[in-house]
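Some notes on the structure that comes next.
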Amino acid sequence: MSKILTTFTLLLLAVNLSFGQTDSTNNSISDQIKIERDKQLKELGDKLKLNEDEVKRLKEKLSSIDDSKTKEKLKTIEDLQSAVSGRLKILEEAPKTKLSLNGQLAFTELLSIQRDLQPAALFVSSREFFNQLGNVSNLQKYSSFNSWKTEYDKWYTAQDKNDQMLQLINNSISLICNPASKVPLYGSITQTASYGISSIISTMGRKNKELVNKTPLMLRLLNATSQFDNQKAIIDHEWNLINKELDQLQIENDGLLKEQFNYYGITLESYQNRYLNATLDNERDKYKNECRKIIIDKFAALDTDSKTNGKWMGQVETYMYKVQSLRLRFGQLTNRMLTNISQYEQLIELYSDDSKFTPEFTTMTKGLGKSLSAVRKNFNSSFKPEKYIEDSAVMYIEKR
């Protein structure tokens, strides 16, 4: 069960996993960047359209000037060359403007997830749920089993310890009723215990009436917990796969953070002290805007450095798409988590049928519903899988 809890713990405690939905402050900064980007690109687009019209007008004028009007013709040619040069400048400026603002957006998104989480609420609710989930398969949590086991132990004490078949059955019973053994309640050991108990009871007389009378209810409980544990294990396996992918995503995110901090000249110490440890939104807001200024100055320096020869644009674009990939994959992972929450809900509903299972068992499974509802509520308030995926797909596309 600790592996399952680790999946949620990673989301709550790994504060460097910074590529999910942004907090309210970061949303504001991200929106500002997008608005600024779209506004500047629109202005450049408008300038380009005016320039195209001017070039067209000058070309038409030039073709209509008589060759004898040398002075007028030279002036028009000069104006046309100036307009064409202006067009080239706009065409060079547009991609740099877009790249600069998208680079700032990528860096801002890389800082995002931890401030939007509600770690205490989500962790407490998930821990409570998974603890209860483990109890459903713990036979020692059921009074009917404990009562049966007391009668069984009395009976077993008086039996021949040299009976190898009896020893096999007893060992199987000991394994499945002891949580410390970590033996799942399905498979050959459980089948051996169930079949063995049935065989033993069939040979008993009136002397062991209490044990005989309590065995059918206990076997119903054993079969129910075994079926439940079997289906639960399938869902748990998916959680473990998600957990491994989150581990890998965490490693990649940490590496990308350090790489970009180093590239832009931003210290990890300032990130820790002024962003992760900040208590107020305006403090984080100030830090992000200062980072934007550093990034803008870095781009300006790179653009004027003849040694870079424009290669910096490719590097920034690489960072952009790495961040986009991380956010998209995080969205997919949280979507899978949401799917698994739904599968747990279906499991609980299936095993809460009083007509099919013992009241003690269904009371236990029904008790899972409330804690799982808390998990879903806190999950929904913290994560928006579909939004992650949709936003990631269009994060660098300007609105027209």
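Can you tell me which residue in the stretch 138-178 is nearest to T225 (Cα to Cα), limited to those that are part of a loop (DSSP other than H, G, I, E, B) and modelled with pLDDT of 90 or more?
Here is the first cut: in the stretch 138-178, the ones part of a loop (DSSP other than H, G, I, E, B) are 138, 142, 158-163, 177-178.
Applying the additional criterion that residues be modelled with pLDDT of 90 or more yields 138, 142.
Working: N138: 8, Y142: 11 Å.
Filtering the stretch 138-178 for residues that are part of a loop (DSSP other than H, G, I, E, B) and modelled with pLDDT of 90 or more, the one nearest to T225 (Cα to Cα) comes out as N138.
When you scan the stretch 247-265, do you find a residue that is surrounded by 13 or more Cβ atoms within 10 Å (Cβ to Cβ), among the hydroxyl-bearing types (S, T, Y), in a helix (DSSP H, G or I) and within 31 Å of the chain's Cα centre (by Cα), even just one?
The answer is yes; a qualifying residue exists.
Kindly provide the set of residues from the stretch 329-363 that are within 30 Å of F261 (Cα to Cα) and surrounded by fewer than 18 Cβ atoms within 10 Å (Cβ to Cβ), ordered by number. Write out each step before concluding.
Going through the stretch 329-363, the residues within 30 Å of F261 (Cα to Cα) turn out to be 329-335.
If the condition is that a residue be within 30 Å of F261 (Cα to Cα) and surrounded by fewer than 18 Cβ atoms within 10 Å (Cβ to Cβ), then Q332, N335 are the ones that fit.
Residues in the stretch 179-208 that are assigned to a loop (DSSP other than H, G, I, E, B), in contact (Cβ under 8 Å) with a residue 24 or more places away in the chain and not hydrophobic (A, V, I, L, M, F, W, C): how many?
2
Scanning the stretch 45-81 for residues that are exposed (fewer than 13 other Cβ atoms within 10 Å of the Cβ) and among the polar types (S, T, N, Q), which turns out nearest to L91 (Cα to Cα)?
Q81
For the stretch 51-101, give me the residue count where each residue is farther than 30 Å from E36 by Cβ and part of a helix (DSSP H, G or I). Even if it seems obvious, please write down each step before you answer.
Here is the first cut: in the stretch 51-101, the residues farther than 30 Å from E36 by Cβ are 56-81.
The next check asks that each one be part of a helix (DSSP H, G or I); those that pass are 56-64, 70-81.
So the count comes out to 21.
Residues to consider are K387, K298; find the one that is out of contact with any His (no Cβ under 7 Å at 6 or more places or on another chain) and surrounded by fewer than 17 Cβ atoms within 10 Å (Cβ to Cβ).
Details: K298 fails: surrounded by fewer than 17 Cβ atoms within 10 Å (Cβ to Cβ).
That would be K387, the only listed residue that is out of contact with any His (no Cβ under 7 Å at 6 or more places or on another chain) and surrounded by fewer than 17 Cβ atoms within 10 Å (Cβ to Cβ).
Go through (1) hydrophobic (A, V, I, L, M, F, W, C); (2) modelled with pLDDT under 90; (3) not in a helix (DSSP H, G or I) one by one and return the number of the condition F357 breaks.
(2)
Name the pairs whose Cβ atoms lie under 8 Å apart, with the first residue in the stretch 358-377 and assigned by TED's automatic domain parsing to the domain that holds Y344, the second among the hydrophobic types (A, V, I, L, M, F, W, C) and outside any helix (DSSP H, G or I), and 6 or more positions between them or separate chains?
Pairs that qualify, where the first residue is assigned by TED's automatic domain parsing to the domain that holds Y344 and the partner is among the hydrophobic types (A, V, I, L, M, F, W, C) and outside any helix (DSSP H, G or I), are T365/F357.
The values are calculated or read from the model by the stated rules, or taken from the named source; none is laboratory data. From a predicted model like this one, the values you see are computed outputs, not experimental measurements. As a convention, Cβ positions derive from the backbone with ideal geometry for all residues, glycine included, and neighbour counts pool all protein chains shown.
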